[in-house]
Amino acid sequence: MHISFEVFPPKKEGDFEQAFEIVRTLSEYNPKYISVTYGAGGSKSKKTLDIASYIQKECRTSAVAHLTCVGSTRKEILARCKELKEHNISYVLALRGDRPKDMSDQQFNSREFAYAMDLIAFLKENSSLAIMASCYPEKHVESNSIEEDLYYMKEKQNLGVKSFISQMFFDNELFYDFMDKAAAKGISVPIHAGIMPVTSAKQLGTSVSLSGCSVPKKLADVIARYGANSADMRKAGIEYATKQIEGLKRQGVAGVHIYTMNKPEVAAEMIRSL
Ligand code: FAD
């Protein structure tokens, strides 16, 4: 089973040295790749490019640049492809993204890419990038059913997507069930399991409200027991996520993608105890 990591670019301008240190540390654990998130509006794309480029060039680790399309024109996406090529980045995670807050109804309704699939088809036609895509073990918040999501997932595979990275989940059984359903629909490319170590009760609240993933009783009990003490909560959260990964490994899952939240020391502790 391979491990990969997700990082996000620095929020403040000028914080690059810290971001570079984070990816340098993560690289020491020989991940299959490190992916770098991208703002849905595309305005911070340069930061994603700079970090991905550093991972690729200085850390000698494969970088996966996330690329969202909801706020972008075809021309802008072509410009991103050119920049990625110039920086020798050959993998992208092609996403729709969520509607940016400052996007008007008129802009939203006339957007050039309606869904991630439109971006994937466009990238296939206009670039040589290797394309990855997202998936949601508990369905995407806008979907009516998991079947609807699986239908579009299969379409993405048909367009040439090489692998999927899943939304985070806290209950492995949900993921196994999703894998079975995906296989039954003919989805045969690897699905990398998204795992996020929850090191504080506040972090869990934010992640759950953003991602729509459910909190199983086991994890709720951990939060109830340790949530008030930050050191204990950190330890218990790392242990919970590590156990999830051990279970996935036993089940023969191909890859685990750790949402590091830019805390390399947390990821490192998990890797060491695996
Ligand atoms: P899509 O695949 O387009 O799906 C969105 C919804 O539309 C789903 O309900 C789907 O079932 C439906 N759908 C898909 N295709 C069609 C179609 N052709 N017709 C009708 N309905 C359709 N967001 C960021 O802004 N930046 C990031 O860096 C980022 N990284 C992420 C990484 C991972 C691993 C994941 C899982 C999510 C990430 N996101 C990121 C969040 C993501 O942008 C949102 O979840 C977004 O709402 C959906 O993006 P998508 O590419 O999954 O959308």
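Screening the candidates LYS124, LYS47 for the property of being in a helix (DSSP H, G or I), without any contact (Cβ under 8 Å) to a residue 40 or more places away in the chain, in contact with a helix residue (DSSP H, G or I) (Cβ under 7 Å, 6 or more places away or on another chain) and of a type in the set (Lys, Arg) yields one hit, LYS124. One residue alone among LEU129, LEU95, LEU123 is within 9 Å of the ligand (Cβ to nearest atom), in contact with a Cys (Cβ under 9 Å, 6 or more places away or on another chain) and among the hydrophobic types (A, V, I, L, M, F, W, C), and that residue is LEU95.
Please go through the range 207-230 and give me each residue that is open to solvent by less than 70 Å² (accessible area, probe 1.4 Å) and under 16 Å from the mean Cα position of the chain (by Cα), ordered by number. Answer for the range 207-230, where residues must be open to solvent by less than 70 Å² (accessible area, probe 1.4 Å) and under 16 Å from the mean Cα position of the chain (by Cα): SER207, VAL208, SER211, GLY212, CYS213.
Scanning the range 102-119 for residues that are within 11 Å of the ligand (Cβ to nearest atom), more than 15 Å from LYS75 (Cα to Cα), out of contact with any Ser or Thr (no Cβ under 8 Å at 6 or more places or on another chain) and assigned to a helix (DSSP H, G or I) returns a single hit, MET117. Which residues, taken from the range 4-20, are more than 15 Å from the ligand (Cβ to nearest atom) and touching a residue at least 24 places away in the same chain (Cβ under 8 Å)? PHE16, PHE20 - these are the residues of the range 4-20 that are more than 15 Å from the ligand (Cβ to nearest atom) and touching a residue at least 24 places away in the same chain (Cβ under 8 Å). Restricting attention to the range 50-74, and to residues there that are within 17 Å of the chain's Cα centre (by Cα) and assigned to a helix (DSSP H, G or I), which single residue is farthest from the ligand (Cβ to nearest atom)? Result: ILE55. If the condition is being open to solvent by 10 Å² or more (accessible area, probe 1.4 Å), touching a residue at least 12 places away in the same chain (Cβ under 8 Å) and part of a loop (DSSP other than H, G, I, E, B), then the range 141-195 contributes VAL141, GLY160, LYS162, ASP171, LYS185, GLY186, ILE187, SER188, VAL189, PRO190. Residues in the range 48-99 that are in contact with a Pro (Cβ under 7 Å, 6 or more places away or on another chain) and among the polar types (S, T, N, Q) were compared, and the one that is modelled with the highest pLDDT is THR61. Mind checking whether some residue in the range 36-43 is part of a strand (DSSP E or B), of a type in the set (S, T, N, Q) and either within 14 Å of the ligand (Cβ to nearest atom) or surrounded by fewer than 17 Cβ atoms within 10 Å (Cβ to Cβ) (or both)? No, there is no match, as no residue in the range 36-43 is part of a strand (DSSP E or B), of a type in the set (S, T, N, Q) and either within 14 Å of the ligand (Cβ to nearest atom) or surrounded by fewer than 17 Cβ atoms within 10 Å (Cβ to Cβ) (or both).
The values are calculated or read from the model by the stated rules, or taken from the named source; none is laboratory data. Keep in mind the model is a prediction, meaning the values are calculated, not measured. Neighbour counts are summed over all protein chains in view; Cβ atoms, including those assigned to glycine, are modelled from backbone coordinates with ideal geometry. Note: accessible area is taken over every heavy atom of the protein model, side chains too, but ligands, DNA and RNA are not part of it. Shrake-Rupley method; radii C 1.70, N 1.55, O 1.52, S 1.80 Å.
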